[in-house]
Amino acid sequence: MPHLDPVGWIIVGFLAGWLSGAVVDRGGPTGCLPNIAVGIIGGLFGGWFATEELHMSGPTTWLGALVVASLGAVAVRLVLEAMEGGDGRGRRGGRGQ
């Protein structure tokens with residue numbers, strides 16, 4: 001796999017969303033569909049960032065693409081968490097839960 005197009009990054013993003021939900025266990029989107037959405041956005045962001053900003057030729061394996069997409073999904077998840085307020089409690093720890 002020499003280079004992924006945006007469709008390839010979306011496909012890898014599905015799994016990256018799940019991985020980012022396991023890595024970032026604070027606030028932010030939770031559930032299957034939000035994880036998929038975060039993964040797709042993160043995959044597109046990670047792929048764009050790696051190829052355009054870091055001037056990488058792109059990952060040469062599916063594992064490399066998954067790592068790039070997962071890092072992008074973690075970045076998206078952290079930005080979303082910061083936009084929610086980022087008090088560290090997130091949805092899981094607020095108001096006596």
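Nothing in this text is a laboratory measurement; each read-out follows from the coordinates by a stated rule. Since the model is a prediction, treat every value here as computed from it, not as a measurement. Counting neighbours? That spans all protein chains shown, and the Cβs are built from the backbone with ideal geometry, glycine included.
Each of Val24, Val79, Val12 was scored by other Cβ atoms within 10 Å of its Cβ. Listed from fewest to most, they are Val79, Val24, Val12. Exposure proxy shown here: for Met83, Met56, the number of other Cβ atoms within 10 Å sets the order, fewest to most, as Met83, Met56. Computed from phi, the 3J(HN,Hα) profile of segment 69-79 under the Karplus parametrisation 6.51, -1.76, 1.60 (θ = phi - 60°) reads 5, 5, 5, x, 5, 5, 4, 4, 4, 5, 5 Hz, with x in place of Gly and Pro.
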